[in-house]
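Everything on this sheet refers to the single structure shown next.
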Amino acid sequence: MTLKRITILTLLLAVGFYTDACAQTKLGASIRKILSLGKAPQATELNYGRFQAPTWQELTGLTIENILFDPNPEIPIIPEEHQFSDFSDLPSEYEIWSNTSINPYGISLVGMKDTIKIDVNGYHTPSPKHVTSNWGFRKWKFHYGIDLKVHKGDTVKCAWDGTVRITRRDRGYGYFVVVRHDNGLETLYAHLNRIMVKNDQRIKAGEAVGMGGNTGRSTGYHLHLEFRYLGNPINPNDIVNFETHQVHKPVLVLNAQTFAYKQEIDKIRYWTVRKGDTLGRIAYRTGVSINKLCALNGITKNTVLRIGRKIRYT
Ligand SMILES: [Zn+2]
């Protein structure tokens with residue numbers, strides 16, 4: 001062994017000893033790191049007790065760059081129901097308070113110029129069951145409400161908070177109730193078996209107005225429900241989704257479109273069947289073809305025309 005070799009060996013041993021001696025120091029760790037280069041990396045121990053709170057950037061996904069330099073920042077759309085809404089004041093015609101007449105106001109809203117905003121929050125379905133007959137044309141009559149299934153003795157509930165205006169009996173509606181709601185709408189509940197409220201009584205949404213029935217011009221147990229504003233019927237489907245029994249939107253907007261259906265009704269003309277009338281004679285007198293008369297009235301050329309029946313011809 002030459003002196004040179006001995007010197008190198010001594011030096012290496014010294015470095016090794018020094019490394020061990022400095023194991024707990026920063027310098028020792030650095031030397032060990034250099035010596036262990038190329039070895040498999042050691043797994044880092046996770047400290048589960050000290051997770052850092054996410055940064056604002058991680059939470060929002062925004063960086064200073066895209067805040068400062070985004071040429072088209074997207075402004076989030078606020079849902080309509082969250083926007084502040086100025087609800088319309090009740091019209092002066094509502095100073096009229098009648099316990100007998102369904103429509104004592106004498107106001108037609110066909111072609112109305114204004115837009116009226118009504119708060120329909122807090123709606124409670126009068127009957128949670130399915131629709132048995134919808135709003136709209138029924139042969140030669142227009143159905144101004146919607147029919148909901150009820151069973152005998154089911155409670156019919158008030159739609160919104162309000163005051164009972166009418167509790168009456170009528171040939172068509174049977175036992176019926178009209179409520180004036182605080183939001184300006186009025187609802188009518190017909191064919192009841194029993195009325196459970198009194199005129200001018202305050203009532204809350206969801207409280208009983210009566211029991212479901214089959215009184216008046218009605219075939220089978222059902223609730224005939226109408227929604228009106230100043231006496232003018234509104235299509236119930238414009239307000240409520242009758243599958244979920246929830247209002248479409250918390251703000252109901254009434255405008256000329258809401259009452260445009262009345263113009264369609266006014267366009268319609270009827271021929272009342274007299275003695276000796278046939279489809280051919282009605283076609284000749286009205287100038288409308290037999291086929292069109294059949295289509296408009298849901299009848300065939302062989303249908304017997306009862307005297308007094310109304311035949312639609314426009
Ligand atoms: Zn009905």
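Please treat every number below as a calculation from the coordinates, not as lab data. Just so you know, these numbers come straight off a predicted model, no measurement behind them. Neighbour counts run over all protein chains shown; Cβ positions are idealised from the backbone, glycine included.
Things worth noting here:
- Residue within segment 200-213 that is of a type in the set (S, T, N, Q) and touching a residue at least 40 places away in the same chain (Cβ under 8 Å) present: no
- In segment 91-132, the qualifying residues are those that are in contact with a Lys or Arg (Cβ under 8 Å, 6 or more places away or on another chain) and among the aromatic types (Phe, Trp, Tyr), and the one that is farthest from residue 231 (Cα to Cα) is 97.
- Residue-level analysis places residue 262 outside the set of residues that are in contact (Cβ under 8 Å) with a residue 60 or more places away in the chain and assigned to a loop (DSSP other than H, G, I, E, B).
- A single entry from 213, 184 fulfils the requirement of being under 22 Å from residue 122 (Cα atoms) and within 29 Å of the chain's Cα centre (by Cα): 184.
- Residue 214 vs. criteria within 16 Å of the ligand (Cβ to nearest atom) and in a helix (DSSP H, G or I): no
- Boolean, residue 229 is of a type outside the set (D, E, K, R) and farther than 28 Å from residue 88 by Cα: no
- Of all residue pairs spaced 6 or more apart or on separate chains, those with beta-carbon atoms under 8 Å, a first member in segment 221-235 that is within 11 Å of the ligand (Cβ to nearest atom) and a second member that is outside any strand (DSSP E or B) and of a type in the set (S, T, N, Q) are 222/214; 223/127; 224/218; 225/127.
- When segment 280-309 is filtered for residues that are surrounded by fewer than 13 Cβ atoms within 10 Å (Cβ to Cβ), part of a loop (DSSP other than H, G, I, E, B) and either acidic (Asp, Glu) or touching an Asp or Glu at 6+ places or on another chain (Cβ under 9 Å) (or both), only 307 remains.
- Of everything in segment 225-250 that is acidic (Asp, Glu) and surrounded by fewer than 21 Cβ atoms within 10 Å (Cβ to Cβ), the residue that is nearest to residue 155 (Cα to Cα) is 243.
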